[in-house]
Amino acid sequence: MILHCGKYRFALDRPLIMGVVNVTPDSFSDGGHFLRAQAAVDHGRQLIDEGADLLDIGGESTRPGAAPVALDEERRRVLPVIEALAGAGVPLSVDTQKPELMREAVAAGAALINDVNGFGAPGALESVAGSDCAVCIMHRQGDPLTMQQSPQYADVVAEVDAWLRQRAAAAERAGITRERIVLDPGFGFGKTLEHNLALLRGLQIIAAAGHPVLAGLSRKSMIGALTGKPVGERMPGSVAAALLAVQRGAAILRVHDVAATRDALKVWRAVQGAYQVIR
Ligand code: HH2
């Protein structure tokens, strides 16, 4: 399995780290520190130094209860950061739900479009199809304002898996080749703690669809619920969750704490190698 994103190709013989660069005043974890474009660019460069394989740049908070951001405002936040980091040596992912911004991001140098709305807006898939950009299709139940009120599933793993497979097929029909399609169960997006745990346990089922799976667990409320820690103290729990996701087939980890995740993956890979030799 390979991942083709823009001018980059990944063999996926090791898990990739996607570092989060928020350009929002209200992100639940970065709390407006990176509002200014220059600060976001500096943060992105620091994450590359720490070992990020990709950067995910977002101008609209998607945390539970967050209000939508107008296209013009999102554009003002995100485009200068893409332009400044386009030559930084790693593929840039842009976290947006808006087809217009997807097109502009691709033109500005993005290599992956990450849509927490699963490319559900009219024209979203088409706005990426003609490029060589990859797509990350994420599952979400409901919208950010209401999604955590009462998420309902009969079988969360089967339902999320079936939905992701349908969306991947739709992306292929729109002209996006298989190796450009990443799938994501969307931890915390219209899911209770039990739903999130079931998805993490069952991640292999989603990986069996044959697309790289992205897992975004970093600093999320499920880590807070399990550890009792506020956002600023969720790094150890997030690293543990990242490793558990990798063990179950995750190919890309979307994380805030790149250096810590990198160290954990070094240990994991060393043990993996030993395991393969012993077998
Ligand atoms: N989670 C967040 C944002 N984008 N994209 C994907 N593919 N998967 C995720 O799990 C995911 C995502 C939320 O995290 P964060 O960026 O820390 O918060 P905010 O949305 O407030 O910027």
From Ala174, Ala198, Ala134, residue being within 22 Å of Leu16 (Cα to Cα) and in contact (Cβ under 8 Å) with a residue 24 or more places away in the chain: Ala134
How do the pairs read when you match residues in the range 88-102 that are farther than 16 Å from Thr62 by Cα and open to solvent by 20 Å² or more (accessible area, probe 1.4 Å) with residues anywhere that are within 16 Å of the ligand (Cβ to nearest atom) and assigned to a strand (DSSP E or B), using Cβ under 8 Å and keeping only pairs 6 or more apart or on different chains? Ala88/Leu55
Listed residues Pro212, Pro236; which is within 15 Å of the ligand (Cβ to nearest atom) and not hydrophobic (A, V, I, L, M, F, W, C)? Pro212
Can we say Arg180 is away from the ligand (no atom under 12 Å from the Cβ), within 18 Å of Ala251 (Cα to Cα) and more than 15 Å from the chain's Cα centre (by Cα)? no
In this structure, is Asp30 modelled with pLDDT of 95 or more, open to solvent by less than 20 Å² (accessible area, probe 1.4 Å) and near the ligand (Cβ under 9 Å from one of its atoms)? no
Out of (1) charged (D, E, K, R); (2) open to solvent by less than 50 Å² (accessible area, probe 1.4 Å); (3) modelled with pLDDT of 95 or more, the one Arg45 does not meet is (2)
Hey, does the range 139-146 have a residue that's surrounded by fewer than 15 Cβ atoms within 10 Å (Cβ to Cβ), in contact (Cβ under 8 Å) with a residue 12 or more places away in the chain and assigned to a helix (DSSP H, G or I)? no
Would it be correct to say that Leu197 is hydrophobic (A, V, I, L, M, F, W, C), buried (at least 23 other Cβ atoms within 10 Å of the Cβ) and not in a loop (DSSP other than H, G, I, E, B)? no
Hits in the range 98-117 - residues which are within 16 Å of the ligand (Cβ to nearest atom) and part of a helix (DSSP H, G or I): Leu101, Met102, Ala105
Regarding the range 34-41, can at least one residue be identified that is open to solvent by less than 10 Å² (accessible area, probe 1.4 Å), in contact with a strand residue (DSSP E or B) (Cβ under 7 Å, 6 or more places away or on another chain) and at pLDDT 95 or above? no
Take the residues in the range 48-68 that are touching a helix residue (DSSP H, G or I) at 6+ places or on another chain (Cβ under 8 Å) and assigned to a loop (DSSP other than H, G, I, E, B), then tell me which one is surrounded by the fewest Cβ atoms within 10 Å (Cβ to Cβ). Gly51
Give the number of residues within the range 242-263 that are in contact with a helix residue (DSSP H, G or I) (Cβ under 7 Å, 6 or more places away or on another chain), assigned to a helix (DSSP H, G or I) and surrounded by fewer than 24 Cβ atoms within 10 Å (Cβ to Cβ). 7
Of all residues in the range 215-233 being among the polar types (S, T, N, Q) and not in a loop (DSSP other than H, G, I, E, B), which is farthest from the ligand (Cβ to nearest atom)? Thr227
When the range 103-122 is checked residue by residue, the ones that are over 13 Å from the mean Cα position of the chain (by Cα) and open to solvent by 30 Å² or more (accessible area, probe 1.4 Å) are Arg103, Glu104, Val106, Ala107, Gly109, Gly120, Pro122
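The values are calculated or read from the model by the stated rules, or taken from the named source; none is laboratory data. Since we're looking at a predicted model, the values are computed, not measured. Heads up, the Cβs are rebuilt from the backbone with ideal geometry, glycines too, and the neighbour counts pull from every protein chain shown. Ligands, DNA and RNA are excluded from the accessible area calculation, which covers all protein heavy atoms including side chains. Shrake-Rupley method; radii C 1.70, N 1.55, O 1.52, S 1.80 Å.
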